[in-house]
Amino acid sequence: IYWTFEAGAFGGIYRLPLAGGSGEEREYIITGENSRPRGIALDGTNLYWAAQGGEAIGRIPLADFTNNTPCSGISGCETEFVKTPGGPIGLATDPTDERIYWSTNGETPPHPGTDLYRFDAETESLTDLTPDQSAEDGAEVVGVLGASEDLSHIYFAANGVLASNEGSRGSHASPGDCVGRSDNWSGSCNLYLRRDDETIFVAPLRASSDHYDWVPTGISGTGGAQQRESRVTADGRVLLFGSGIQQSAYVNQGTSQFYRYDTDTG
């Protein structure tokens, strides 16, 4: 089994036999200073990694994987097997057609015009679930809080005004300005429910305190751990989310609380 790690300014890749073992039995290579490896893939002969800090795809033959050695000291190891525009984060190989795939800029601020889409494999149709013709930058979806197992209910945060119904405590959606990355967010935006073909405004959100509702569980930009707060029931009927905004009768004085939204009662 292979996994990436970061240690201060340096990053690398560990490996351990599938039979398991102690930490003393693991082997590793150092992919370089500030390489920030974000994804790995194998094709049976080579190991590839996405070096987000180096904006490159690295490669090392599995036969050359040597314990506690920098890539630069291994003749067959390439820190820049492929140079990429932008920081790669996801990585996959398809040995059948001898291709490698990756995504870029997965940890940058949301780009203007970001919408939420649904692809139906049976009909091969792509549907924009959050069209906003009134705004030049579209819906500006900043994150997804969760969804039901059948995707009939999808909860998401967006800057666009996508619904006109009344939400929590008589509030209505208003143009938002949520922006950020990792654990550094600012602005306010709107929490929506997309149910079947209807978009429903649920509540306002404040990005500085509420971004944990949509950021993924993992490592924050400052190196600490972050835990996604939102939860959705399997049928999508109930959403649990955190917010520093007063969403109920309880006066929270700006302190984050957990709230439960029930689609049956609104």
Take the residues of region 17-48 that are hydrophobic (A, V, I, L, M, F, W, C) and at pLDDT 90 or above: which is surrounded by the fewest Cβ atoms within 10 Å (Cβ to Cβ)? Leu42
Residue among Ser164, Ser134 that is among the small types (Gly, Ala, Ser) and at pLDDT 90 or above: Ser164
The residue that is nearest to Gly266 (Cα to Cα), considering only those in region 117-153 that are touching a residue at least 60 places away in the same chain (Cβ under 8 Å) and assigned to a strand (DSSP E or B), is His153
Hey, can you tell me all the residues within region 138-154 that are open to solvent by less than 60 Å² (accessible area, probe 1.4 Å) and more than 15 Å from the chain's Cα centre (by Cα)? Gly138, Ala139, Glu140, Ser148, Ser152, His153, Ile154
Test of understanding: among Val215, Val202, Val238, which residue is β-branched (Val, Ile, Thr), touching a residue at least 40 places away in the same chain (Cβ under 8 Å) and either touching a Leu at 6+ places or on another chain (Cβ under 8 Å) or under 19 Å from Glu166 (Cα atoms) (or both)? Val202
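When residues of region 27-69 are filtered for being polar (S, T, N, Q) and more than 24 Å from the chain's Cα centre (by Cα), how many remain?
6
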From Ala63, Ala51, grab the single residue that is open to solvent by 60 Å² or more (accessible area, probe 1.4 Å), among the small types (Gly, Ala, Ser) and either at pLDDT 90 or above or within 20 Å of Ser103 (Cβ to Cβ) (or both). Ala63
Residues of region 233-254 being surrounded by 10 or more Cβ atoms within 10 Å (Cβ to Cβ) and under 23 Å from Ala207 (Cβ atoms), in sequence order, are Leu239, Leu240, Phe241, Gly242, Ser243, Gly244, Ile245, Gln246, Gln247, Ser248, Asn252, Gly254
Scope region 184-204; condition crowded, with 16+ Cβ neighbours inside 10 Å and of a type in the set (S, T, N, Q); matching residues: Ser188, Asn190, Thr199
Which one is modelled with the lowest pLDDT among residues in region 1-16 that are over 22 Å from the mean Cα position of the chain (by Cα) and of a type in the set (Phe, Trp, Tyr)? Phe10
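The values are calculated or read from the model by the stated rules, or taken from the named source; none is laboratory data. Bear in mind the structure is a predicted one, so any value in this text is a computation, not a measurement. We place every Cβ from the backbone using ideal geometry, glycine too, and count neighbours over all the protein chains shown. Side chains included, ligands, DNA and RNA excluded: accessible areas come from the protein's heavy atoms. Shrake-Rupley method; radii C 1.70, N 1.55, O 1.52, S 1.80 Å.
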